[in-house]
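Read through the structure below, which is laid out as structure tokens, and then see the notes.
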Amino acid sequence: FKREMKKQSWSFFVTYMAKHFGKDTTVMRMIEKKLTETQLQAEILTTLRKLKIGFFWRNNNVGIYDRNMGAYRKPSKLFCMKGISDILGVIKDKNGCGIFVSIEVKTPISYKHVLIVQQKVLTVGDLKLFKPQSKAEHHVYNQILFLSEIKKNGGLGFFTYWAEHTLKKLNEIV
């Protein structure tokens with residue numbers, strides 16, 4: 001996976017973003033600021049709450065630190081899911097029906113990893129047949145699986161890397 005990342009140059013990523021989003025320089029500003037995922041999540045949630053678009057919350061999906069053990073406790077595997085998104089919520093569609101929304105936040109740089117894994121999945125042709133080659137690839141793969149299940153069951157699920165992109169995705173159904 002690391003070799004794949006090195007093959008995919010930074011200019012490819014910037015070119016892709018420019019082609020995909022036109023003259024919008026927001027992505028370039030986000031890259032220059034080098035914001036963390038946590039900062040991006042806060043920005044997206046703040047924007048959604050200010051605009052009063054649905055009901056959203058940050059989904060904490062990290063184990064709880066146990067001082068006695070000196071480690072993070074993992075939740076029970078019975079109902080625990082891998083790849084659960086960072087932000088969850090509910091919005092009303094054009095007919096007033098509630099739609100579950102799952103938003104996976106990535107920095108613009110880590111979004112590049114998502115594009116590479118998605119391209120590999122397309123090459124294989126089936127999400128279930130894809131075999132991740134590294135921990136990082138496996139993590140993104142689990143996120144893609146989770147979002148595909150949300151979509152398959154009538155929800156809206158997507159990767160995002162800044163507030164404006166999130167609003168564009170939500171406006172498609174609102």
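The values are calculated or read from the model by the stated rules, or taken from the named source; none is laboratory data. Treat the numbers as computed from the prediction; the structure is a model and nothing was measured. Counting neighbours? That spans all protein chains shown, and the Cβs are built from the backbone with ideal geometry, glycine included. In case anyone asks, the SASA skips ligands and DNA or RNA and just uses the protein heavy atoms, side chains included. Shrake-Rupley method; radii C 1.70, N 1.55, O 1.52, S 1.80 Å.
Some values worked out for this structure:
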{"item": "Global form of segment 51-138, assessed from the alpha-carbon gyration tensor, a/c cut-off 1.5", "result": "oblate"}
{"item": "Label-to-label distance, nm, for residues given as LYS77 and SER148 (7 Å Cα→Cβ offset)", "result": "2.2"}
{"item": "Gain in span if fully extended, LYS94 to ASN59, counting 0.36 nm per residue against the direct Cα distance", "result": "10.0 nm"}
{"item": "Probe 1.4 Å, protein heavy atoms only - accessible area per residue of segment 87-174 in square angstrom", "result": "49"}
{"item": "Loop trypsin sites (Lys or Arg not before Pro), segment 86-118, which have at most 15 other Cβ atoms in a 10 Å radius of their Cβ (DSSP)", "result": "LYS94"}
{"item": "Counting DSSP beta bridges with both ends in segment 77-174, the antiparallel % (nearest 5)", "result": "55"}
{"item": "Global geometry of segment 39-102, whether rounded, prolate or oblate, following the gyration tensor of its Cα atoms and the 1.5 cut on a/c", "result": "oblate"}
{"item": "Accessible surface of segment 115-174, 1.4 Å probe, proportion on carbon and sulfur as whole %", "result": "56"}
{"item": "Loop-resident sites, segment 66-174, for chymotrypsin sites (Phe, Trp or Tyr not before Pro), counting at most 13 other Cβ within 10 Å (DSSP)", "result": "PHE79"}
{"item": "Gained length - LEU127 relative to ALA42, 0.36 nm times residue gap less alpha-carbon distance", "result": "27.5 nm"}
{"item": "Gap separating the Cα centres of segment 115-174 and segment 39-87, nearest whole Å", "result": "18"}
